[in-house]
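For reference, the structure is listed below as structure tokens.
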Amino acid sequence: MSERQRLGGGNAMMSVGLLMLASLVAITLFGTLIAPYNPSETSADSLAGPTAAHWLGTDSIGRDLLSRLIVGGRTTLLITFVAVTLAVCCGLVLGLFCGYVGGLADQVVMRILDVVFAFPVFLLAIAVVAALGPSVPNLILTIAIVYTPRLARVVRGPVLSVKRWDHVEAARSVGVSEFNIATRHVLPLIVSPVLVETSLTLAQTIFTITALSFLGLGPPPPDPNWGAMLSEARQFMELAPLAVIGPAAAIVFATLTFIVLANGLRERLDVASR
Amino acid sequence: MRRLVLIRLAWMLPILLGVSVVAFVLMRALPGDFAQASAGTTELAPEALNIIRRDMGLDRPVWEQYLRWLGKLLKGDFGDSFTTHKPVLGELLPRLAVTAELTLIAGLMAMAMGASSGLASARWRGRTDWLVRGINGLFLAVPNFVVATLIVLLAGLYFPEVGIFNYTPFLTDPLGNLGSMLLPAFSLALAVSVTISENTRAAVLEVSSQDFVMVARAKGLRPSTILWQYLVRNALTPIITVTGLQLASLLGGSILIETIFTIPGMGQYLFDAVSGRNYPVVQAIVLVAATIVLLVNVLVDVAYARVDARVSYE
């Protein structure tokens with residue numbers, strides 16, 4: 001089976017998920033180009049309903065909602081993608097190290113992680129952002145801090161069993177260095193559960209980021225983002241319900257994307273459901 | 001049994017100690033000066049700042065500061081709020097009670113919704129199963145604060161007579177209090193119920209494929225007897241575990257829900273503290289929440305052992 005077949009074909013859930021992901025990536029990459037208006041540009045007709053000029057209407061100071069939704073998605077998704085990439089990298093290094101090396105180092109790291117697990121994720125995120133101050137780099141750092149322990153644990157489990165397999169022993173007996181065994185003979189075999197977990201972490205990160213922004217702890221204005229848009233729209237919700245429904249739908253769509261993708265991956269890669 | 005509880009509780013101590021270190025470091029690693037933050041102003045003479053520092057013991061080595069802080073903590077002294085200058089504990093407890101009530105109602109709701117839909121899904125399979133899982137998949141993707149905002153929107157548009165922001169304290173009007181908690185608890189419970197539902201379904205299906213269930217069927221027991229006496233009882237373990245483990249997300253979510261529905265609980269207290277840079281309050285809430293999560297994890301373990309005789313921690 002070629003790599004492409006293994007990851008792509010023959011699974012409706014997977015195809016739908018990839019299609020949804022493609023639209024999210026397009027918004028992230030080309031958001032500022034697609035948006036019909038400047039998202040910060042105000043106009044005279046505020047809180048207008050949908051028109052041919054403004055498909056989703058305008059907000060309380062006359063900014064085009066659709067443009068804000070697209071550009072806001074760019075901010076939200078960019079933070080999410082970068083932060084989760086960082087968390088996955090750290091989780092892989094930490095999990096691989098703990099699982100492969102084992103012994104005292106493993107015990108110490110795992111006990112430290114137990115401490116992190118005691119905090120409710122969202123509460124920890126709030127505390128870290130409150131300490132660091134809300135800015136894009138700090139939000140990325142916060143997400144990485146909060147989710148790295150979870151990913152490390154997901155990596156460590158399979159590493160513990162794979163490192164006892166025969167091919168590892170064989171590699172060692174022909175003199176392959178421990179580092180190369182870990183990265184070339186163990187790592188490729190644990191990719192499946194990590195991919196599924198990455199997708200789930202992306203879904204959770206969308207929640208955490210938008211929820212933090214909803215509470216006013218997100219990326220600073222004037223750049224729009226979904227969480228802050230939803231929160232601001234509550235003030236005039238009876239007058240402009242679309243201003244609430246728009247970001248709400250966007251958040252649900254993004255979360256759904258990664259859940260669908262995770263399920264598709266799980267089915268495709270035959271990872272046991274947790 | 002008692003030994004199990006004791007061992008579990010003893011295990012909590014080192015983790016709690018770690019939690020306290022994290023909480024301490026989080027607040028001392030702040031950008032800027034802790035003394036300045038506590039005074040609430042940046043325009044203080046250096047002499048005045050030095051006096052505050054000495055009063056708070058900030059001129060001593062970090063480990064000594066930590067031990068002093070920990071000692072006070074053990075006596076129930078969480079420090080004074082920066083804004084009201086009253087002990088944090090006294091302000092926190094009544095709010096904690098409100099959050100505990102909200103979380104409890106939401107937890108029960110999630111359990112009822114999740115267990116019944118999961119059971120229905122596993123019992124009837126076919127179209128019911130398909131429907132439940134489809135709805136579950138969708139609801140899993142709707143964050144609790146989005147649910148809450150949409151409920152507020154719907155109520156505002158179509159049911160203006162329903163007062164959704166009318167929080168009533170339990171002591172003045174117990175029934176009214178419960179009523180005012182229903183919608184917030186529902187928004188909190190929805191996503192959690194999905195997890196419970198999926199786990200219930202999986203657990204019941206797993207049990208129903210086991211030999212003793214087949215024997216029960218073969219000897220002609222009624223399907224309802226099999227369902228309640230065999231399947232549900234055995235599926236209880238995962239349901240309890242999952243509900244317990246979801247407590248952390250219920251507690252985290254209550255911050256958002258309380259802010260949206262203006263319920264004067266711990267979440268709203270935290271929100272105000274974060275916006276007002278009231279660090280002792282943030283610290284106290286983080287500590288209390290982590291302790292609750294740890295305690296509930298112990299309870300889950302114990303409940304697990306009670307329900308399932310195969311589990312032993314000897």
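Every number in this text was worked out from the coordinates using simple rules, so none of it is lab data. Worth saying up front: this structure is predicted, and the values here are computed from it rather than measured. Reconstructed Cβ throughout: ideal geometry from the backbone, glycine too, with neighbour counts over all protein chains shown.
For the reader, a short list of remarks on this structure follows.
- Extension gain (nm, one decimal) between residue B:100 and residue B:13, 0.36 nm per residue minus Cα-Cα: 29.0 nm
- Sorted by Cβ density within 10 Å, fewest first, the residues B:266, B:109: B:109, B:266
- For the pair residue A:104 and residue A:191 in one chain, pulling the backbone fully straight at 0.36 nm per residue adds 28.8 nm over the alpha carbon distance.
- Computing FRET efficiency as 1/(1 + (r/R0)^6) for residue B:182 and residue A:164, where r is the C-beta to C-beta distance and R0 is 41 Å, gives about 0.20.
- By average C-beta atoms within 10 angstrom, highest first, the peptides B:2-13, A:77-88: A:77-88, B:2-13
- Calculated SAXS-style log₁₀ I(q)/I(0) at q = 0.18, 0.25, 0.26 Å⁻¹ - the range A:157-240, Debye, Cα scatterers: -0.79, -1.10, -1.14
- For the range B:208-267, the fraction of alpha-carbon pairs lying more than 18 Å apart is 57 percent, rounded to a whole number.
- The C-alpha radius of gyration of chain B, expressed as a fraction of 2.2 N^0.38 Å, stands at 1.23.
- Cβ crowding within 10 Å averaged over residues, with A:66-73, B:207-214 ranked highest first: A:66-73, B:207-214
- Cα gyration tensor shape of the protein assembly as shown, rounded if a/c is under 1.5, else prolate or oblate by comparing a/b with b/c: rounded
- Theoretical gain in end-to-end length, residue B:135 to residue B:218 [0.36 nm per residue, Cα-Cα removed]: 26.5 nm
- Between B:20, B:121, B:275, the residue with the greatest mean-square fluctuation in the GNM of chain B (Cα pairs under 10 Å linked by springs) is B:275.
- On Cα atoms only, tilt of A:241-269 relative to the major axis of chain A in degrees: 20 degrees
- For the options B:188, B:154, B:171, a Gaussian network treatment of chain B with springs between C-alpha atoms closer than 10 Å singles out B:171 as fluctuating the most.
- Annotation: the residues B:161, B:258, B:101, B:64, sorted from fewest to most other C-beta atoms within 10 Å of their own C-beta, follow the order B:161, B:64, B:101, B:258.
- Under the span-like rule (Cα at least 27 Å along the axis, Kyte-Doolittle mean at least 1.0), DSSP H helices of chain B: B:2-28, B:88-124, B:279-307
- Against the empirical curve 2.2 N^0.38 Å, the C-alpha radius of gyration of the range B:142-286 lands at a ratio of 1.43.
- Sites matching trypsin sites (Lys or Arg not before Pro) across the range A:150-184 that sit in DSSP coil, with at most 15 neighbouring C-beta atoms within 10 Å: A:164
- Using alpha-carbon coordinates, inclination of helix A:12-34 to the longest axis of chain A, degrees: 50 degrees
- Dividing the mean sequence gap of close Cα pairs (under 8 Å, 6+ apart) by how many residues the range A:111-249 holds gives a relative contact order of 23 percent.
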